[in-house]
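In what follows, a structure is listed as structure tokens, so that the remarks can point back to it.
The values are calculated or read from the model by the stated rules, or taken from the named source; none is laboratory data. Quick caveat, the model's predicted, so the values are computed rather than measured. Neighbour counts are summed over all protein chains in view; Cβ atoms, including those assigned to glycine, are modelled from backbone coordinates with ideal geometry. We work out accessible area using only protein heavy atoms, side chains counted, and drop any ligands, DNA or RNA first. Shrake-Rupley method; radii C 1.70, N 1.55, O 1.52, S 1.80 Å.
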Amino acid sequence: MTDRTFRDAFAVPAGPMELAGFEPAGRPVRPSKKRGTKPPVKRLRDLQERLWAESTAEGRRRLLLVLQGMDTSGKGGVAQHVVGAVGPIGVQYTAFKAPTEEEKKHDFLWRIRKRLPPAGVIAVFDRSHYEDAVVPRVHGTVPQEEWESRYDVINDFEAELIAAGTTILKVFLHVGYDMQRKRLLARLDNPDKHWKFNEQDLAERARWSEYQAAYSDVLIRCNTANAPWYVVPSDSKKYRNWVVGELLRETLEDLDPQYPQPPLDVDSLKARLAPPH
């Protein structure tokens with residue numbers, strides 16, 4: 001790459017836009033022949049360890065990776081092959097499903113707040129608070145005035161998190177309509193993948209254009225300076241994982257977490273560990 005960063009290449013531009021303007025099989029950045037599309041796991045491990053170590057000395061910074069996308073776009077795949085390769089210490093994964101009856105009794109952010117990352121942790125949201133702005137709109141379960149008001153509520157919520165030390169990386173995994181069909185058929189063709197198939201996914205697929213419009217509005221209305229959106233082409237799993245890994249790397253490198261330097265008398269401690277004469 002040149003001086004142009006991955007965040008520059010995949011950032012949602014300011015102003016009006018539609019998801020139709022993004023190619024799900026596109027290559028805004030092409031990998032080098034030398035490295036290919038292997039995510040920068042070694043570098044991510046180092047940065048994640050530094051972030052975790054920093055928190056042991058009262059550091060308060062943390063990172064929230066928000067993954068949104070249609071079914072089969074690869075939210076779980078990114079969590080497994082990118083963040084999952086980093087290591088379990090200092091990583092927290094949450095897959096948000098449809099709200100439970102208990103969760104429906106509370107404000108839509110109630111369940112989200114319970115899974116926010118503590119200091120030193122990289123948290124992954126497989127679906128997120130954005131579900132409560134998109135799904136009610138598509139299914140008409142709440143009045144338009146209510147789901148529209150949630151854009152501003154979410155922006156205020158994210159600003160609150162940022163002020164408290166959370167860096168937010170929001171990624172929309174953009175899979176194409178035809179690719180989704182192929183991946184759903186692949187699940188049906190493999191008995192070991194039947195557990196991943198939900199007939200409700202076909203009902204949601206029938207609302208494809210409505211979801212595209214709803215996500216387009218989310219990407220416009222909640223694309224703020226401190227918590228921007230990135231759209232990652234996701235028809236290729238390897239390309240998707242590589243790009244998200246590089247976005248995560250750039251974000252962590254900007255944070256530049258450092259190992260604590262406690263006031264140890266190293267020579268004295270080594271002397272105490274010397275073998276007996």
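May I ask you to list the residues in region 148-199 that are among the β-branched types (Val, Ile, Thr) and not in a helix (DSSP H, G or I)?
Within region 148-199, Thr166, Thr167, Ile168, Val171, Val175 qualify.
Anything in region 256-277 that is touching a residue at least 24 places away in the same chain (Cβ under 8 Å) and out of contact with any Leu (no Cβ under 7 Å at 6 or more places or on another chain)? List them, or say none.
Gln258, Tyr259, Pro260, Pro262
Got a sec? Which of Val124, Val78, Val86, Val66 is open to solvent by less than 70 Å² (accessible area, probe 1.4 Å) and farther than 23 Å from Asn223 by Cα?
Val86
Consider Val218 carefully, then state whether it is open to solvent by less than 10 Å² (accessible area, probe 1.4 Å), in contact with a strand residue (DSSP E or B) (Cβ under 9 Å, 6 or more places away or on another chain) and under 20 Å from Pro16 (Cα atoms).
When the stated conditions are applied, Val218 passes them.
With the checklist (1) closer than 18 Å to Gly69 by Cα; (2) under 23 Å from the mean Cα position of the chain (by Cα); (3) at pLDDT 95 or above in hand, flag the one item Arg207 doesn't pass.
(2)
Which one of these is closer than 20 Å to Leu169 by Cβ, open to solvent by 40 Å² or more (accessible area, probe 1.4 Å) and without any contact (Cβ under 8 Å) to a residue 60 or more places away in the chain: Ala186, Ala225?
One residue alone meets the criteria, Ala225.
Considering only region 95-109, I want to know if a residue exists there that is touching a Lys or Arg at 6+ places or on another chain (Cβ under 8 Å), of a type in the set (D, E, K, R), open to solvent by 20 Å² or more (accessible area, probe 1.4 Å) and at pLDDT 95 or above.
Looking through region 95-109, at least one residue is touching a Lys or Arg at 6+ places or on another chain (Cβ under 8 Å), of a type in the set (D, E, K, R), open to solvent by 20 Å² or more (accessible area, probe 1.4 Å) and at pLDDT 95 or above.
I'd like to check which helices (runs of 4 or more DSSP H) are fully inside region 29-125 and have at least 1 residues that are hydrophobic (A, V, I, L, M, F, W, C).
In region 29-125, 41-55, 75-78, 110-113 are the helices (runs of 4 or more DSSP H) which contain 1 or more residues that are hydrophobic (A, V, I, L, M, F, W, C).
Would region 168-176 turn up any residue that is open to solvent by 30 Å² or more (accessible area, probe 1.4 Å) and not polar (S, T, N, Q)?
Checking region 168-176: not a single residue is open to solvent by 30 Å² or more (accessible area, probe 1.4 Å) and not polar (S, T, N, Q).
Could you give every pair whose Cβ atoms fall below 6 Å, whose first residue belongs to region 29-50 and is over 25 Å from Ala11 (Cβ atoms) and surrounded by fewer than 18 Cβ atoms within 10 Å (Cβ to Cβ), and whose second residue is of a type in the set (D, E, K, R) and at pLDDT below 95, counting only separations of at least 6 or pairs across chains?
Close Cβ pairs satisfying both conditions: none exist.
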